[in-house]
1. Within the group Leu173, Leu121, which residue is open to solvent by 50 Å² or more (accessible area, probe 1.4 Å), aliphatic (A, V, I, L, M) and in a loop (DSSP other than H, G, I, E, B)?
2. Looking at region 105-115, can you tell me whether even one residue there is open to solvent by 40 Å² or more (accessible area, probe 1.4 Å), of a type in the set (S, T, N, Q), on the phi < 0 side of the Ramachandran plot and assigned to a helix (DSSP H, G or I)?
3. Would region 62-69 turn up any residue that is in contact (Cβ under 8 Å) with a residue 12 or more places away in the chain, of a type in the set (Phe, Trp, Tyr) and either open to solvent by 10 Å² or more (accessible area, probe 1.4 Å) or farther than 24 Å from His37 by Cβ (or both)?
4. What residue, among those in region 140-170 that are open to solvent by 60 Å² or more (accessible area, probe 1.4 Å) and of a type in the set (S, T, N, Q), is nearest to Asp51 (Cα to Cα)?
5. Between a first residue in region 103-118 that is under 12 Å from Arg93 (Cα atoms) and a second residue that is assigned to a loop (DSSP other than H, G, I, E, B) and charged (D, E, K, R), which pairs have beta carbons less than 8 Å apart while being 6 or more apart in sequence or on different chains?
6. Can you report the number of residues in region 124-151 which are among the charged types (D, E, K, R) and within 23 Å of Ala28 (Cα to Cα)?
7. Mind listing whichever residues of region 30-49 are in contact with an Asp or Glu (Cβ under 9 Å, 6 or more places away or on another chain) and open to solvent by 70 Å² or more (accessible area, probe 1.4 Å)?
8. In region 125-133, is there at least one residue being part of a loop (DSSP other than H, G, I, E, B), touching a helix residue (DSSP H, G or I) at 6+ places or on another chain (Cβ under 6 Å) and among the small types (Gly, Ala, Ser)?
Amino acid sequence: MTITRRSLLLAGLMTPLARTAQAHDRSAFLPTEVRVHPGLTPGDIYVIPEDYHLYHIRRPGVAMRYGVGVGRAGLEFKGAAVIQRKAEWPSWRPTDDMIAREPDKYAQYADGVPGGPENPLGARALYLYRDGRDTYYRIHGTTNPETIGSPVSNGCIRLRNEDVMALYDNVTLGTHVTVV
């Protein structure tokens, strides 16, 4: 089944919340079980960056919706990917592009940061691959939960640590991810 942004919207995947209301109501980003189109495949993940939500399809017609932070303009991931690696308390190294774009911010981390509570990837990471190759985009936790609901990352999709831990426990390697 080919999923387009339009078909997702028409399928009722999104709830009718205005983005301006979401920005002021942090509860809009808490995990919530929602109804979705029953034709969506259980286990799949859909991300709608402009509304700052990730949907993990749990069973026909039902998804768990999580609030997310997403990539800044021009840095966001779009399209389809597969989760081919999962890590608890992952280590992190900024990409060469991140270091080149913002050396004052990222060059100090060029040798990497070990996993743990202060690591920017947070408690868990789901690694997105396309055609068997690492995209260098992740679905991961964050040490800055106040950034959920905003375009702040270098392209990755971030959740509150407690939310990424729950998602991590409920997805398997091979899970399909679509970012519209």
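1. Leu173
2. yes
3. No.
4. Of everything passing the filter in region 140-170, Asn144 is nearest to Asp51 (Cα to Cα).
5. Tyr109/Arg93; Ala110/Arg93; Asp111/Arg93; Gly112/Arg93; Val113/Arg93
6. 3
7. Leu30
8. no
The values are calculated or read from the model by the stated rules, or taken from the named source; none is laboratory data. Predicted model only: the values in this text are computed from it and were never measured. Counting neighbours? That spans all protein chains shown, and the Cβs are built from the backbone with ideal geometry, glycine included. With ligands, DNA and RNA removed, areas are computed over all heavy atoms of the protein, side chains included. Shrake-Rupley method; radii C 1.70, N 1.55, O 1.52, S 1.80 Å.
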